[in-house]
Amino acid sequence: MIRALYAGLFALLALGLTPSHAADPSPKSLWVYFGTYTGGKDGSKGIYRSNLDVATGKLSEPELVAEMTSPSFLVVSPDRKNLYAVGEEGKKTVVAFAIEPKTGKLKELNSQPSGGSGPCHITIDRTGKTVLVANYGSGSCASLPVLAEGKLGEPASIHQHKGSSVDPRQKTPHAHSINVDPGNKFAVCADLGLDQLLVYKLDPATGKTTPNDPPFATVAPGSGPRHFAFHPTKPLAFVINEMKCTLNSLKFDSAKGTFAIIDTANTLPRDVGKGDSTAEVVVHPNGKWVYGSNRGHNSIAAFECSDEGKLKLIGHKGDGIKTPRNFNVDPTGKWLLVANQDGASVISFEIDQKTGALKDAVSTVALSKPVCIKFVTPVE
């Protein structure tokens with residue numbers, strides 16, 4: 001019984017959900033927040049929100065809930081009271097918002113520097129006390145403490161990555177994502193420029209991070225690790241490699257903060273061609289399936305994941321998809337939503353609950369340059 005309860009809690013934490021989240025009955029609808037690239041006469045103006053009908057997968061038309069310059073990536077606090085965004089192209093590089101509980105609209109609280117240039121990814125620790133940011137331009141990562149009412153403090157830690165790898169794009173570091181492990185002990189930063197997963201010890205009480213020993217794990221030279229995800233219940237993790245269009249499954253030692261590659265799968269059904277690259281990796285809530293997005297090929301690749309971390313291709317879905325940046329699976333595991341950066345839309349696909357394959361699209365809504373998708377269960 002104790003093991004079952006612990007496994008359940010581990011799964012919730014891995015999804016970024018708190019026990020209070022779990023106590024909610026299955027919601028009829030979810031709020032869905034979209035980060036975008038802004039600009040242009042008819043372009044996006046900031047962060048948008050839709051309603052997802054959990055029974056049908058239908059999305060309502062997106063409404064603007066906060067104006068901000070290029071809020072490319074978002075994260076929601078575990079208590080669902082706050083949302084944080086990186087401004088990839090703006091002067092405000094990390095912005096804190098309060099979520100209005102009745103309408104889902106956002107009220108800006110404050111902003112802080114990201115500790116580098118070109119912030120492109122953001123996450124929050126399991127306690128909601130520390131926000132972490134990856135800076136692509138400067139090749140650095142930073143941690144910021146969360147203060148009263150969800151405001152952000154100045155960076156408590158900034159780590160400048162150093163080095164290079166074998167491809168011309170890899171002459172300098174390019175931190176591309178940052179994630180926190182389910183035990184809330186380590187932060188993992190995937191650096192495309194170094195072909196490394198840099199690991200930091202996390203102190204949520206102070207918001208500080210320090211290099212782990214060993215300080216990083218490596219992927220194949222020229223891979224370009226981009227985004228990263230932990231398995232919800234097993235000591236496994238996954239990294240999608242932008243340049244080689246591959247997906248690695250890794251064994252994770254939660255005590256030491258170390259990783260070892262188990263398997264490597266191609267995300268394309270053909271050789272990598274000009275214009276091909278990957279973007280996002282997401283693990284299904286049941287842990288059985290892993291998904292990755294292909295730009296150029298314009299598809300979502302679905303894989304079956306064994307208990308040992310071996311990957312087996314299920315298939316590809318490309319209907320209506322154009323430059324799939326971020327995508328996400330809703331907490332119920334029924335729907336996969338794709339942000340089509342160059343398709344100016346968000347598409348909702350049904351997930352076959354027996355095979356993990358994507359069925360036909362059930363909903364499409366127009367949105368200029370969508371980049372990030374985050375689900376929130378409305379607070380009653």
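The numbers here are math on the coordinates, done by the rules we state, and not lab data. All figures in this text were calculated on a predicted structure; none of them were measured in a lab. Neighbour counts are summed over all protein chains in view; Cβ atoms, including those assigned to glycine, are modelled from backbone coordinates with ideal geometry.
Full-extension gain between K322 and A366, please, as 0.36 nm times their residue separation minus the C-alpha to C-alpha distance. Going from the current span to full extension adds 14.6 nm.
Quick check: net charge around D53, other residues with Cβ under 11 Å of its Cβ, Lys/Arg +1 and Asp/Glu -1? Combined, the nearby Lys, Arg, Asp and Glu give +2. Between T130, T38, T355, the residue with the greatest mean-square fluctuation in the GNM of the chain (Cα pairs under 10 Å linked by springs) is T355.
Each of S117 and S306 was given a label point 7 Å from its Cα along the Cα-to-Cβ line. The distance between the two points is 4.7 nm. Full extension of the chain between A260 and D79 yields a length gain of 61.9 nm, computed as 0.36 nm times the residue separation minus the alpha carbon distance. Count charges around S165 for me, please; just the other residues with Cβ under 15 Å from its Cβ, Lys/Arg as +1, Asp/Glu as -1. For residues surrounding S165, the net value is +1.
First measure r as the distance between the Cβ atoms of L313 and A148, then evaluate 1/(1 + (r/R0)^6) with R0 = 51 Å and state the FRET efficiency to the nearest 0.05. Working from the Cβ atoms, E equals 0.60. Each Lys or Arg adds one and each Asp or Glu subtracts one; over the other residues with Cβ under 15 Å from the Cβ of I262, this totals -1. For D167 and A55, the difference between the fully extended length at 0.36 nm per residue and the C-alpha to C-alpha distance is 35.7 nm.
Note on the chain: helix-only mean residue ellipticity at 222 nm, from DSSP H runs of 4+ residues weighted -39500 (n - 2.57) and normalised by residue number, equals -1500 deg cm²/dmol.
Please give the charge dipole size of the chain, origin at the Cα centre, charges +1 on K and R Cβ atoms and -1 on D and E Cβ atoms. Round to the nearest 20 debye.
Numbers: 41 positive and 36 negative charges, 25 e Å.
That gives the chain a dipole magnitude of about 120 debye.
The aspartates and glutamates whose alpha-carbon is closer than 13 Å to the alpha-carbon of K58, local same-chain residues fewer than 8 away aside, are D330, E350, D360. For K310, the lysines whose Cα comes closer than 21 Å to its Cα, not counting residues fewer than 8 places off in the same chain, are K234, K244, K251, K288, K354. The HN-Hα couplings worked out from phi for the stretch 128-139 by the Karplus form 6.51 cos²θ - 1.76 cosθ + 1.60 (θ = phi - 60°) are x, 9, 9, 9, 10, 10, 9, 10, 5, x, 8, x Hz, whole numbers, x standing for Gly and Pro.
What is the fewest-to-most order of R80, R226 by other Cβ atoms lying within 10 Å of their Cβ? Present the calculation step by step, with values, prior to reporting the outcome.
Working: R80 20, R226 25.
Least to most surrounded, the residues fall as R80, R226.
Which of K58, K28, K81 moves most in a GNM of the chain, Cα contacts under 10 Å? Evaluated over the chain, the most mobile residue of the options is K28. Of G356, L198, N340, which is farthest on the positive side of the dipole of the chain, counting Cα position, with +1 on Lys and Arg Cβ, -1 on Asp and Glu Cβ, and the Cα centre as origin? Highest projection toward the positive end goes to L198. Taking every C-alpha pair closer than 8 Å and separated by at least 6 residues, the mean separation divided by the residue count of the stretch 101-244 gives a relative contact order of 18 percent.
Cross-link partners of K201 among aspartates and glutamates, defined as those whose alpha carbon lies under 18 angstrom from its own and excluding same-chain residues fewer than eight positions apart: D125, D181, D191, D213, D253. Close amide H partners of S44, meaning residues 5 or more places away or on another chain with modelled amide H under 5 Å apart, are G39, S368. If you compute P(r) over Cα pairs in 20 Å bins from 0, in percent for the structure shown, which of (1) 28, 57, 13, 1, 0; (2) 25, 51, 22, 2; (3) 31, 64, 5 do you land on? Among (1) 28, 57, 13, 1, 0; (2) 25, 51, 22, 2; (3) 31, 64, 5, the one calculated here is (3).
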